Ligand code: RP5
């Protein structure tokens, strides 16, 4: 686990695989929530990057990130923000890629402001919104999107789902039906 979001350099110079998923957020104060998305992607060995790209505080960079994400080789964007959370929607407006929005809960309103800012998109500009603070599910949803055309990831997802099924009965307190 890391303490702050770090951009993952890409390209031949790094020797690392190019990221397939971009995780962005409005502030590095969102990272304690958003790192769960990075952890889920790491579990499935999906190369990803993370960065701060605020819609309000760095609008030009945010638009540049959204416009270039596709040509940089990303397949999915996970965007988290809190309060007046315009980042996921604005990215969805300028990229053809699927955007998954993570409502980050702040001090007030229990994250309802974040949720409603992200989920209530106009027709034609979808953002796949997860639960308030649901960054892990955002990472898992990104894996599923990639797995649709990636048999290796699909197999890993099936294994993961089998583990979930086992975990649901882990305590063994419920007598199972015949
Ligand atoms: C939003 O404002 C960010 O996504 C963050 O959730 C919130 C607060 O940001 P900081 O004031 O902590 O930088 O844009």
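Values quoted throughout were computed directly from the atomic coordinates according to the rules given, and no laboratory measurement underlies them. What you see is a predicted model, and the numbers here were worked out from it, not measured in a lab. Cβ atoms come from the backbone with ideal geometry, glycine included; neighbour counts cover every protein chain shown.
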**OP:** With springs connecting C-alpha atoms under 10 Å apart, model the chain as a Gaussian network and identify which of 64, 28, 150 has the largest mean-square fluctuation.
**Re:** 150
**OP:** Assign one of three labels to the stretch 54-119, namely rounded, prolate or oblate, based on the Cα gyration tensor with a ≥ b ≥ c the square roots of its eigenvalues; rounded applies when a/c is under 1.5, prolate when it is not and a/b is larger than b/c, and oblate otherwise.
**Re:** prolate
**OP:** Select from 79, 69, 162 the residue whose mean-square fluctuation is largest in a Gaussian network model of the chain (Cα-Cα springs shorter than 10 Å).
**Re:** 162
**OP:** In whole angstrom, note down how far apart the Cα centers of the stretch 35-52 and the stretch 115-132 are.
**Re:** 21
Subject >> Nearest-0.05 FRET efficiency for residue 123 and residue 29, computed from C-beta distance (R0 25 Å) >> reply: 0.20
Subject >> Cα-based shape type of the stretch 110-154, given that a ≥ b ≥ c are square roots of the gyration tensor eigenvalues and the cut on a/c is 1.5 >> reply: oblate
Original post:
How much FRET efficiency would the formula 1/(1 + (r/R0)^6) give for residue 72 and residue 160, where r is the Cβ-Cβ distance and R0 is 22 Å, rounded to 0.05?
Top reply: 0.20
Original post:
Could the peptides 35-44, 134-143 be put in order, highest first, of the mean number of other beta-carbon atoms found within 10 Å of their residues?
Top reply: 134-143, 35-44
**OP:** Sort 174, 132, 24, 102 so the one with the fewest other Cβ atoms within 10 Å of its own Cβ comes first.
**Re:** 174, 132, 24, 102
Original post:
If you average 1/r over all unlike Cα pairs in the stretch 76-150 and invert the result, what Kirkwood radius do you get in angstrom?
Top reply: 12.2
**OP:** Mind sorting 178, 71, 49, 163 by how few other Cβ atoms lie within 10 Å of their own Cβ, fewest first?
**Re:** 178, 71, 163, 49
**OP:** Could you work out, for the stretch 21-150, what percent of all Cα-Cα pairs fall into each 5 Å distance bin, beginning at 0 Å and stopping at the bin that holds the largest distance?
**Re:** 2, 13, 24, 26, 21, 10, 3, 0, 0
Original post:
So how tilted is helix 59-68 from the main axis of the chain? Cα-based, degrees 0 to 90, rounded to 10.
Top reply: 60
Subject >> Calculated [θ] (222 nm, deg cm²/dmol) that DSSP helices of n ≥ 4 give over the chain, each run adding -39,500 (n - 2.57) >> reply: -12000 deg cm²/dmol
Subject >> Candidates 157, 62, 34: whichever shows maximal mean-square fluctuation once the chain is modelled as a Gaussian network with Cα springs under 10 Å >> reply: 157
